[in-house]
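Written below as structure tokens is the structure these notes are about.
The values are calculated or read from the model by the stated rules, or taken from the named source; none is laboratory data. It should be emphasised that the depicted structure is a prediction, and the values quoted were computed from it without experimental measurement. Here Cβ is always computed from backbone atoms with ideal geometry, including for glycine, and neighbour counts include all displayed protein chains.
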Amino acid sequence: MTRPIVLGAGPAGSVAALLLAKGGAKPILIDRDAEVGDPICGGFLSWRTVGALRELGCDPAALGARSVTRLRLYQGERKAEAPLPGLSCGISRHALDSALRQLAIDGGAQLEIDRARRVGQGVIEGDDRCWKSPAIFLASGKHDVRGEARPRSASDPALGLRLRLPGSPELQNLIGDTIELHLFPGGYAGIVLQEGGSANICLALRKSALAEAGGDPWAVFKALAHDNPHFARRMACAEGQLPIDTIGAVPYGWIAQETEDGVYRLGDQAAVIPSLAGEGMAIALASGRAAAQSYLQGQGASQYQRRFASRAARPVRLAKALWNVAETSRGATVMIAASRFPGLANLAMRLSRL
């Protein structure tokens with residue numbers, strides 16, 4: 001029997017590997033790192049994602065996730081708050097990815113460590129060996145692999161920056177059980193507490209904003225704190241200049257409409273939703289599940305990809321529209337005002353779900 005290969009042991013790849021193994025396909029799960037890392041994006045899980053994880057046998061609460069019940073928006077001195085439609089949570093990608101990778105291994109997936117240099121139809125060229133299979137599940141996250149790169153045509157692309165603040169009573173008082181979005185011209189910052197009470201701060205901003213700060217990510221955080229008093233109170237909890245993780249040229253709004261024969265694109269390789277929607281992990285889980293089911297049912301990669309693209313279209317388009325509005329001063333003002341009406345905020349949150 002030819003074994004399917006899953007490239008990438010993040011949430012999308014691990015879920016695909018788990019379900020393939022349960023279906024008797026004996027998948028090989030390849031990741032470049034033996035030690036599970038802590039990727040920048042995906043530290044917030046919506047109420048639907050929490051439910052999907054529990055169905056798979058992974059309870060975020062058991063991993064130390066922090067409960068999140070409200071959304072809070074900030075723009076300068078302005079703020080607005082709305083309840084979330086259901087119980088959500090904040091958890092580090094290290095904790096979540098570790099649990100899902102182990103779940104896949106325990107379910108029967110064979111983990112191999114190798115760094116892919118190129119992916120083509122039926123083949124993965126790794127540093128250690130060449131892997132061959134007529135069914136490849138591409139789940140490399142926001143990192144492209146040569147041969148299957150996503151288009152990046154934006155003149156001023158989006159970048160991601162992440163800073164983690166150690167837990168403290170002050171952060172607990174400021175943030176509590178909320179997911180915060182701090183809006184500013186050219187981008188936004190999302191803040192949520194995670195296991196241990198640490199605060200995960202993720203910025204999505206344009207490349208030009210980083211250039212204006214002299215290419216110094218820490219200078220970006222300092223400038224935002226100077227101009228945004230609520231953000232400054234969070235940054236005051238930083239003990240010195242902390243390390244900042246970065247990721248470049250994120251193609252927000254991109255959806256894979258087609259794929260090569262035998263290459264199933266999952267997670268951010270299938271659709272990249274702007275992170276302010278908090279739905280990236282839902283796309284990862286849903287694409288991993290849908291791709292595995294399609295394979296087990298004898299359906300081709302192209303059929304799966306077209307169906308998933310159709311399914312992702314509405315939430316991705318809406319989230320991209322909200323992002324484009326939020327990164328302008330006038331648009332952010334409108335969003336703050338609209339969020340004071342719980343019905344409108346609730347509708348926007350539900351429509352941006354997969």
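Would you mention how many residues in segment 145-181 are among the acidic types (Asp, Glu) and under 13 Å from residue 198 (Cα atoms)?
Residues in segment 145-181 being among the acidic types (Asp, Glu) and under 13 Å from residue 198 (Cα atoms): 2 in total.
Looking for whichever is under 27 Å from residue 353 (Cα atoms) and without any contact (Cβ under 8 Å) to a residue 12 or more places away in the chain here; the options are 99, 95, 62, 82. Which one fits?
Numbers: 99 fails: without any contact (Cβ under 8 Å) to a residue 12 or more places away in the chain; 95 fails: without any contact (Cβ under 8 Å) to a residue 12 or more places away in the chain; 82 fails: without any contact (Cβ under 8 Å) to a residue 12 or more places away in the chain.
None of the others qualify; the one that does is 62.
Could you check segment 147-200 and list, in sequence order, the residues that are without any contact (Cβ under 8 Å) to a residue 60 or more places away in the chain and of a type in the set (Asp, Glu)?
Listed by number, the list holds a single entry, 156.
Can we say residue 88 is surrounded by fewer than 23 Cβ atoms within 10 Å (Cβ to Cβ), at pLDDT 95 or above and within 30 Å of residue 159 (Cβ to Cβ)?
When the stated conditions are applied, residue 88 does not pass them.
Do any residues in segment 260-273 that are without any contact (Cβ under 8 Å) to a residue 24 or more places away in the chain have Cβ atoms under 6 Å from those of residues that are crowded, with 24+ Cβ neighbours inside 10 Å and not in a helix (DSSP H, G or I), where the two are at least six apart or on different chains, and which pairs are they?
none
Just give me the residues in segment 329-354 being in contact with a helix residue (DSSP H, G or I) (Cβ under 9 Å, 6 or more places away or on another chain) and of a type outside the set (Gly, Ala, Ser), in sequence order. Working first, answer last.
From segment 329-354, those in contact with a helix residue (DSSP H, G or I) (Cβ under 9 Å, 6 or more places away or on another chain) are 331-332, 334-335, 338-339, 344-345, 348-349, 351-354; that's our starting set.
Scanning segment 329-354 gives 334, 335, 344, 349, 351, 353, 354.
Quick test of your reading of the structure: residue 54 fulfils all but one of (1) part of a loop (DSSP other than H, G, I, E, B); (2) surrounded by fewer than 22 Cβ atoms within 10 Å (Cβ to Cβ). Name the failing condition by number.
Going through the list (1) part of a loop (DSSP other than H, G, I, E, B); (2) surrounded by fewer than 22 Cβ atoms within 10 Å (Cβ to Cβ), residue 54 breaks only (1).
Which residue is surrounded by the most Cβ atoms within 10 Å (Cβ to Cβ), if the candidates are limited to segment 115-143 and must be within 23 Å of the chain's Cα centre (by Cα) and assigned to a loop (DSSP other than H, G, I, E, B)?
139
Name the helices (runs of 4 or more DSSP H) wholly within segment 158-233 that hold at least 2 residues that are among the charged types (D, E, K, R)?
207-212, 217-227
Given (1) in contact with a Ser or Thr (Cβ under 9 Å, 6 or more places away or on another chain); (2) crowded, with 17+ Cβ neighbours inside 10 Å, identify the lone condition not met by residue 237.
(2)
Regarding segment 338-346, can at least one residue be identified that is among the basic types (Lys, Arg) and more than 27 Å from residue 69 (Cα to Cα)?
No; the residues of segment 338-346 include none that is among the basic types (Lys, Arg) and more than 27 Å from residue 69 (Cα to Cα).
In a strand (DSSP E or B) and either in contact with a helix residue (DSSP H, G or I) (Cβ under 7 Å, 6 or more places away or on another chain) or surrounded by fewer than 20 Cβ atoms within 10 Å (Cβ to Cβ) (or both): is that true of residue 103 in this structure?
no
With 158, 199, 149, 154 as the choices, which residue is crowded, with 18+ Cβ neighbours inside 10 Å, out of contact with any Asp or Glu (no Cβ under 7 Å at 6 or more places or on another chain) and modelled with pLDDT under 95?
From the options 158, 199, 149, 154, the qualifying one is 158.
Residues of segment 24-37 being crowded, with 16+ Cβ neighbours inside 10 Å and touching a helix residue (DSSP H, G or I) at 6+ places or on another chain (Cβ under 8 Å), which ones?
Once the filter is applied, which keeps residues that are crowded, with 16+ Cβ neighbours inside 10 Å and touching a helix residue (DSSP H, G or I) at 6+ places or on another chain (Cβ under 8 Å), segment 24-37 yields 25, 27, 29, 31, 36.
For the structure I just gave you, tell me whether residue 30 is more than 17 Å from the chain's Cα centre (by Cα) and more than 29 Å from residue 244 (Cα to Cα).
No: the conditions fail for residue 30.
Restricted to segment 57-76, and to residues that are in a helix (DSSP H, G or I) and of a type in the set (Gly, Ala, Ser), which residue is farthest from residue 275 (Cα to Cα)?
62
Are there helices (runs of 4 or more DSSP H) fully within segment 248-354 with at least 3 residues that are at pLDDT 95 or above, within 21 Å of residue 136 (Cβ to Cβ) and among the hydrophobic types (A, V, I, L, M, F, W, C)? List them.
280-296, 301-326
Tally up the residues in segment 1-27 that are assigned to a loop (DSSP other than H, G, I, E, B) and either of a type in the set (D, E, K, R) or within 19 Å of the chain's Cα centre (by Cα) (or both), please. Write out each step before concluding.
Just the residues of segment 1-27 that are assigned to a loop (DSSP other than H, G, I, E, B), to begin with: 1-4, 8-10, 23-27.
Subset that is either of a type in the set (D, E, K, R) or within 19 Å of the chain's Cα centre (by Cα) (or both): 3, 8-10, 26.
Total satisfying the criteria: 5.
Checking residue 79 against (1) part of a strand (DSSP E or B); (2) at pLDDT below 95; (3) surrounded by 16 or more Cβ atoms within 10 Å (Cβ to Cβ), which test does it fail?
(3)
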